[in-house]
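Engineer: Starting off with a structure, shown below.
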Amino acid sequence: MDCLFCKIANGEIPSTKVYEDDLVYAFRDIEPQAPVHVLIIPKKHITSVNDINHENCSIVGHIFKVAAQIAKSEGIAEDGYRIVTNIGDLAGQTVKHLHYHMLGGRSLQWPPG
Ligand code: 5GP
Ligand code: ZN
């Protein structure tokens, strides 16, 4: 499958790794929108939240467990940070492989644009 984040997860395309295990890969966004901008993805291709189902939903809990660890190691856990996932075109999802943005290290506005 011609998917950018599948290629990043399997090492075909280089990235700056933050965390990796059998199920999850986390790396720095190429165009960071905050001092800390990490993308956390399942290694197995899932297109978006729309494709989370009974069979694959355990990955979501795992991703958030990993996110909590990354927030601590990035030094943003106490001050606060945001985790966001864009779904589909209106939300601005440009890469059609489920990914959670972790943004921190600055004050974040709400609501997002
Ligand atoms: P989306 O817009 O789909 O929610 O987020 C996609 C994110 O992937 C964007 O923040 C974009 O900067 C990032 N991105 C796109 N291509 C690459 C790449 O080749 N490497 C890395 N590290 N990030 C990428
Ligand atoms: Zn993929």
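The values are calculated or read from the model by the stated rules, or taken from the named source; none is laboratory data. Computed from a predicted model, the values in this text were never measured in an experiment. When we count neighbours, we look across all protein chains shown, and the Cβ atoms used for this are built from the backbone with ideal geometry, even at glycine. With ligands, DNA and RNA removed, areas are computed over all heavy atoms of the protein, side chains included. Shrake-Rupley method; radii C 1.70, N 1.55, O 1.52, S 1.80 Å.
Engineer: How big is the dipole moment of the range 1-56 about its Cα centre under a simple scheme where the beta carbon of each Lys and Arg is +1, that of each Asp and Glu is -1, and everything else is neutral? Debye, nearest 20, please.
Structural biologist: Using only the charged Cβ atoms, the result is roughly 120 debye.
Engineer: Relative to a virtual label point 7 Å from the Cα of residue 12 in the Cα→beta-carbon direction, which members of the range 77-113 show backbone nitrogen distances below 12 Å?
Structural biologist: Backbone N within reach: none found.
Engineer: Distance from a point 7 Å along Cα→Cβ of residue 19 to each backbone N in the range 36-51: keep the residues under 16 Å and list them by number.
Structural biologist: Only 36-44 fall inside the zone, counting backbone N under 16 Å.
Engineer: By how many degrees, 0 to 90 and rounded to 10, does the Cα axis of helix 58-74 deviate from the longest principal axis of the chain?
Structural biologist: The angle comes out at about 30 degrees.
Engineer: A follow-up question, please. Over the chain, with every protein chain in place, what whole percent of the accessible area is carbon and sulfur at 1.4 Å, could you tell me?
Structural biologist: Accessible surface attributable to carbon and sulfur in the chain totals 53 percent.
Engineer: Turning to a different aspect of this structure: About the Cα centre, and with charges only on the beta carbon of Lys, Arg (+1) and Asp, Glu (-1), how big is the dipole of the chain? Nearest 20 debye, please.
Structural biologist: 120
Engineer: For the range 3-106, build the convex hull from the C-alpha positions and give me its volume per residue in Å³.
Structural biologist: Per-residue hull volume (Cα only) is 98 Å³.
Engineer: Now, a different point. Can you pick out the pairs among 43/72; 44/72; 17/72; 72/96; 7/72; 65/96 whose Cα atoms lie more than 19 Å from each other?
Structural biologist: 43/72; 44/72; 72/96; 7/72; 65/96
Engineer: Provide the per residue accessible area, probe 1.4 Å, for the chain, rounded to a whole number of square angstrom.
Structural biologist: Value for the chain: 61 Å² per residue.
Engineer: Provide the descending list of Cα extents for the range 48-113 along its principal axes, expressed in whole angstroms.
Structural biologist: Taking the Cα atoms of the range 48-113, the three principal extents are 33, 28, 17 Å.
Engineer: Counting only other residues whose beta carbon sits under 9 Å from that of residue 37, what net charge do I get with K and R as +1, D and E as -1?
Structural biologist: -1
Engineer: Identify unpaired cysteines across the chain, taking unpaired to mean no other cysteine Cβ lies under 4.7 Å from the residue's Cβ.
Structural biologist: That list is 57.
Engineer: Sequence gap at least 6, Cα distance under 8 Å: using those rules, report the relative contact order of the range 18-113 to the nearest whole percent.
Structural biologist: Relative contact order comes out at 35 percent.
Engineer: As I understand it, the dipole of the chain uses +1 on the Cβ of Lys and Arg and -1 on the Cβ of Asp and Glu, about the Cα centre. Which of 13, 103, 40 lies farthest toward its positive end?
Structural biologist: Most positive-ward Cα: 103.
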